[in-house]
1. Using a 1.4 Å probe and ignoring any ligands, DNA or RNA, find the accessible area of residue 64 and quote it in Å² to the nearest 10.
2. Going 7 Å from the Cα of residue 123 along its beta-carbon direction, which residues of the range 58-77 have the amide nitrogen within less than 20 Å of the resulting point?
3. Hey, what do the phi angles of the range 27-33 turn into as Karplus ³J(HN,Hα) couplings, whole Hz, using 6.51/-1.76/1.60 and θ = phi - 60°, x for Gly and Pro?
4. Tell me, in nm to one decimal, what length is gained between residue 111 and residue 73 on full extension, where the rule is 0.36 nm per residue of separation less the Cα-Cα distance?
5. Bin all alpha-carbon pair distances of the range 19-141 at 10 Å intervals from 0 and give each bin's fraction as a whole percent.
6. Starting from the 7 Å offset along Cα-to-Cβ, what nm value, one decimal, do you get for the label separation of residue 134 and residue 98?
Amino acid sequence: YSKNQEVSNTLLVADSFASNAKGKKGLARILKATGYSIDGFKAAYKFEAAFRQVLWLNLVLFTIIMFMPFGVVIKMMLVVASFLSLIVELINTGIEASVDHTSTKQPPLAKIAKDVGSAAQFLSLLLLFVLWLMAVSSLLY
């Protein structure tokens, strides 16, 4: 082994604060990870208006899905698109929080990161809208 190889091997060891805090394996790790996920939902809901808007939009859409005479496949596609929009918004919120934590200024790369996250959310909401249009139009024709 060369000295460089030893250094690179030590960097691959998952012995970080996060891995130690979560635990190494088993049910305790799953429970701690679930707690962190719940904390993430709470933080996104409390601090991010866009997440609240997407969440409430999707709750309304889920309610509508239950009463619409769509086939099972169409309902599944609409539910998947709704979850996708929520997932993308959570990721976008994480990106924005990380960028804001890094700098109070707005360097060009920070703007790119935020804009790209916003573009991803735009596409997920556009997908949701298009799928809803197609589903409703399938009832009309």
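The values are calculated or read from the model by the stated rules, or taken from the named source; none is laboratory data. Small disclaimer: the values here were computed from a predicted structure and weren't measured. Ideal geometry is used to build each Cβ from the backbone, glycine not excepted, and the neighbour counts take in all protein chains shown. For the accessible areas, the whole protein counts, side chains as well, though only heavy atoms, and no ligand, DNA or RNA atoms are used. Shrake-Rupley method; radii C 1.70, N 1.55, O 1.52, S 1.80 Å.
1. Accessible area of residue 64: about 70 Å².
2. 77
3. 5, 4, 5, 4, 5, 5, 5
4. So the extension gain works out to 9.8 nm.
5. Per 10 Å bin, starting at 0, the Cα pair percentages come out as 12, 32, 29, 21, 7, 1.
6. It works out to 3.1 nm between the two label points.
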